[in-house]
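Structure first, then comments.
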Amino acid sequence: MPLFYPEWQLGHLLYFKRFKTSVFYDFAKGDNQLPQLISSIGLDLTSDFSLLNFIAPLDAGLRSIYIPDTGEMKFEILFSLNFGGMY
């Protein structure tokens, strides 16, 4: 889900097209020796941008994950390269 479209540019070095977010909830049931229910909740914050006028746009950001069963909080870096084009 797009948050906003700032279209910020720092000369020819960096161009931010948009910032977006997504919320997720994962649920799984394991059938090892004892049935186990596992769940996680998270939020992604990413941005579509171009670096050094490179033709393929980049998508990078941060994912936060909370695991209610253990109270554990994790963070991951997200990165993708899109040769399909955005501009």
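The values are calculated or read from the model by the stated rules, or taken from the named source; none is laboratory data. Computed from a predicted structure; not experimentally measured. Virtual Cβ from ideal backbone geometry, glycine too; neighbours counted across all protein chains shown. Note: accessible area is taken over every heavy atom of the protein model, side chains too, but ligands, DNA and RNA are not part of it. Shrake-Rupley method; radii C 1.70, N 1.55, O 1.52, S 1.80 Å.
Does segment 34-43 contain at least one residue that is within 30 Å of Gly11 (Cα to Cα), surrounded by 15 or more Cβ atoms within 10 Å (Cβ to Cβ) and of a type in the set (Gly, Ala, Ser)? Within segment 34-43, not a single residue is within 30 Å of Gly11 (Cα to Cα), surrounded by 15 or more Cβ atoms within 10 Å (Cβ to Cβ) and of a type in the set (Gly, Ala, Ser). Pairs meeting the criteria (first residue in segment 15-34 and among the β-branched types (Val, Ile, Thr), second residue surrounded by fewer than 10 Cβ atoms within 10 Å (Cβ to Cβ) and at pLDDT below 95, beta carbons under 6 Å, at least 6 apart or on different chains) are Thr21/Met1. Summed over segment 1-33, the residues that are closer than 24 Å to Tyr66 by Cβ, touching a Ser or Thr at 6+ places or on another chain (Cβ under 7 Å) and open to solvent by less than 60 Å² (accessible area, probe 1.4 Å) give a count of 2. Within segment 44-60, the only residue that satisfies the criterion of being open to solvent by less than 70 Å² (accessible area, probe 1.4 Å) and among the aromatic types (Phe, Trp, Tyr) is Phe49.
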